[in-house]
Amino acid sequence: MKNQRPTCVEIDLDAIVGNLAAVQRRVSPARVMAVVKANAYGHGLQSIAEATAQAGAEYLGVALAQEGVELREKRIQTPILVLGGFFEDEVEAFLQYDLEATVYDWPRAVALSQRAVALGKRAKVHVKVDTGMGRVGVNWREAVGFVREVQSLRGLELLGIYTHFASSDAGDKSFAQRQLRRFREVVTELDRQGVTIPLKHAANSGAVLDLPESYFDMVRVGLLIYGYYPSRETTESVAVSPALRLKSRVIAVKDVPPGTVVSYNSTYRTGSKTRIATVPIGYGDGYNRLLSNRGEVLIRGRRHKVVGAVCMDQIMVDVGGDAEVVPGDEVVLLGRQGGEEITIYEICDKLNTIPYEVTCWISERVPRLYESKSG
C-alpha cells in the first residue's frame, strides 16, 4: 500500500551535497569523512551515505559495527570507520565486512588481531587518543607506547590515529587548543620515531569552522553536512543550508468557547472563543513532549502556538480566529514555509538542548522523503 501518512520529513539531497562541497573547499587538501551515525543524525543512514559517497566523501563514519554492516549490505564500498568501541563478539563483523575499527585498549586489539590471523586477514584499525574528552581512548601520555604495541600485532594494519574535541563549538577555544597540543605532541613523537600512520584526524564540525590548524589529513564532519552549526558560539565560516523539513497536515479543526481545556491534565485553557487544530504528530514521532504549551508551528505561512500536552500521536494548535485554516493544510514543525521559518536553534533554546538531539529525535515511523533536482 502506498504510504499516505501526512507526517513526514523532506530531505533535500542537493543541500546535503552542497554542504559537503562547502566543507571540502574549506579543508582541502584534507580528506572528508561524512559522519552518518545514528541514522545520519535522523536523516536516513543509507540515503545519506550514498549521497555523500557519490559526492566525494572519502570516508564514512558510524558509531556501531551494525551500522557499517548495514551499509556494506547495501553495497556501499566507501571506507567505513566505526568510531565507537566494540566487544570481542563483534570482531567477526569487522573482518567479514571490511570495516575499520577503533582501538584503544590492549585486550580488544589482541582479540581483533588473533581473529584476523586465524582468517588469514589483517584488520584495519585507527587508534583513538583521549586528549581530554574523558570517553574511550588511550590516554595521550601513553599513546605512543600503545601505538608501537598495536604495530607489533601481525593481524592489524594501522591506518589512522585520531582524537575528539570536547568543546570545539565553544566560544572559548582554550581547552580545544590544549587538546590539539596534546595530540600534536603524540603524532610528532611518532614521526620522530619513524612510525608512519597514513591518516591523522581530529577536527569535527566545530573545529572545521574555527580551528583550521586541526585539519591534519582528514576531518570528520556530521552536523555541518546536514546544514546546521554546532552552536551559536562558532563562526559561520562555511556556508551551509538545512536539508531537513519536518511537516504534517491539519487533520481536524474545531471552534471552541472560552474556558475550554485542551489535552491531558488540562494544562491549557482557552481565554476566549478560538479555533483548535489537531495535527497527527506527537512524541511517538519525536516531537518532544517538553514543547507542550511552548512549541510553535507554521500554517499558511503564519506562526501558531502548540497548546496543551503533546500526545504520543497528536498535537493541538491554537489558530485563534484564523478562519482560513482547514483540514488538509500543511503544518511545518521544523523548517521553512513561505517567508517564515521554525529554526532548529529556537527549538534548542526552548528545550535547552543541541541541534544534534533535535534531528536524532525524529523516529523511524516518520517517512523520509528525498528530493533532488539533479535526480
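Each reported figure results from applying straightforward, stated rules to the coordinates on display, with no laboratory input. Just so you know, these numbers come straight off a predicted model, no measurement behind them. A quick note on method: Cβ atoms are made from the backbone with ideal geometry, for glycine too, and the neighbour counts reach across all protein chains shown.
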Legend entry - Rounded to whole Hz, the Karplus (6.51, -1.76, 1.60) HN-Hα couplings of the range 18-34, x for glycine and proline: x, 5, 4, 4, 5, 5, 4, 5, 5, 9, 3, x, 5, 6, 10, 9, 8
Legend entry - Modelled FRET efficiency - R0 22 Å, residue 196 with residue 133, Cβ distances, 0.05 increments: 0.30
Inset, instruction - Please work out the FRET efficiency for the pair residue 260 and residue 58, using the Cβ-Cβ distance as r and a Förster radius of 51 Å; give the result to the nearest 0.05. - result: 0.30
Legend entry - Residues residue 273 and residue 25, FRET efficiency given R0 of 56 Å [Cβ-Cβ distance, rounded to 0.05]: 0.50
Inset, instruction - Would you mind checking which residues have amide H under 5 Å from residue 124's amide H? H placed 1.01 Å from N; only 5 or more apart, or other chain. - result: 101, 157
Legend entry - Size of charge dipole - the chain - debye, nearest 20, with Cβ of Lys, Arg +1 and Asp, Glu -1, no other charges: 140 debye
Legend entry - Using θ = phi - 60° and Karplus 6.51 cos²θ - 1.76 cosθ + 1.60, couplings along the range 204-218 (whole Hz; Gly, Pro as x): 9, 4, x, 6, 4, 6, 10, 10, x, 6, 9, 5, 6, 8, 7
Inset, instruction - Subtract the Cα-Cα distance of residue 312 and residue 237 from 0.36 nm times their separation in residues, and report this length gain in nm to one decimal. - result: 23.1 nm
Inset, instruction - Provide the net charge surrounding residue 229, with neighbours chosen by a C-beta distance below 10 Å and charges set as Lys +1, Arg +1, Asp -1, Glu -1. - result: -2
Inset, instruction - Pull out a ≥ b ≥ c, the square roots of the eigenvalues of the alpha-carbon gyration tensor of the chain, then state rounded if a/c is under 1.5, prolate if not and a/b is larger than b/c, and oblate in the remaining case. - result: prolate
Inset, instruction - Return the sequence-ordered ³J(HN,Hα) values of the range 147-163 in whole Hz as given by the Karplus equation 6.51 cos²θ - 1.76 cosθ + 1.60 applied to θ = phi - 60°, using x for Gly and Pro. - result: 4, 5, 5, 4, 4, 6, 7, 6, x, 10, 10, 7, 9, x, 9, 8, 9
Legend entry - Per-residue [θ]222 nm for the chain (sum of -39500 (n - 2.57) over DSSP H runs n ≥ 4, rounded to 500): -8500 deg cm²/dmol
Inset, instruction - State, to one decimal in nm, how far the label point of residue 172 lies from the label point of residue 372, with both points 7 Å from Cα in the Cβ direction. - result: 4.4 nm
Inset, instruction - Work out the length of the dipole vector of the range 204-248 about its Cα centre, built from +1 on the beta-carbon of each Lys and Arg and -1 on the beta-carbon of each Asp and Glu, and round it to the nearest 20 debye. - result: 400 debye
Inset, instruction - Sort 156, 290 so the one with the fewest other Cβ atoms within 10 Å of its own Cβ comes first. - result: 290, 156
Legend entry - Computed label-point distance, nm, for sites residue 357 and residue 114 using a 7 Å Cα→Cβ extension: 4.1 nm
Inset, instruction - Set Lys and Arg Cβ to +1 and Asp and Glu Cβ to -1, take the dipole of the chain about its Cα centre, and tell me which of 156, 132, 372 lies farthest positive. - result: 372
Legend entry - Cα shape, the range 202-332, gyration tensor, a/c 1.5 rule: prolate
